[in-house]
Ligand code: SF4
């Protein structure tokens, strides 16, 4: 198993995560920040459990985020 973790309050709204993985991300029309779809919010941090097959793609997105606020935790 793995989780995508998103520290949303530090998002600068560049849209790269949405462009790379539109099935998991949306750009908010309210505040311009990215939202991790279907995630659970815990203290400003969005957490989404993902299938292990999605790990490489999620890691590419995490690496591409210019402010490094996306993490992929494997466990
Ligand atoms: S790539 Fe990072 S900074 Fe850019 S919209 Fe996504 S989470 Fe925000």
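For the range 41-50, a residue qualifies if it is assigned to a strand (DSSP E or B) and either surrounded by 17 or more Cβ atoms within 10 Å (Cβ to Cβ) or more than 13 Å from the ligand (Cβ to nearest atom) (or both), and the qualifying residues are 41, 42, 46, 47, 48, 49, 50.
Screening the candidates 38, 29, 33 for the property of being closer than 15 Å to residue 18 by Cα and within 11 Å of the ligand (Cβ to nearest atom) yields one hit, 33.
Residues of the range 3-16 include none that is free of Cβ contacts under 8 Å to residues at least 40 places away in the same chain, away from the ligand (no atom under 13 Å from the Cβ) and outside any strand (DSSP E or B).
For the range 51-75, name all the residues that are assigned to a helix (DSSP H, G or I) and under 19 Å from residue 12 (Cβ atoms). Within the range 51-75, 60, 61, 62, 63, 64 qualify. When the range 55-68 is filtered for residues that are surrounded by 11 or more Cβ atoms within 10 Å (Cβ to Cβ) and more than 16 Å from the ligand (Cβ to nearest atom), only 55 remains. Looking only at residues in the range 16-36 that are under 21 Å from residue 1 (Cβ atoms) and out of contact with any strand residue (DSSP E or B) (no Cβ under 6 Å at 6 or more places or on another chain), the one that is surrounded by the fewest Cβ atoms within 10 Å (Cβ to Cβ) is 23.
Residues that are under 11 Å from the mean Cα position of the chain (by Cα) and part of a strand (DSSP E or B) within the range 28-40 comprise 34, 35, 36, listed in sequence order.
No lab work stands behind these numbers, since they all come straight from the coordinates. All values derive from a computational prediction rather than experimental measurement. All Cβ positions, glycine included, derive from the backbone under ideal geometry; neighbour counts span all protein chains shown.
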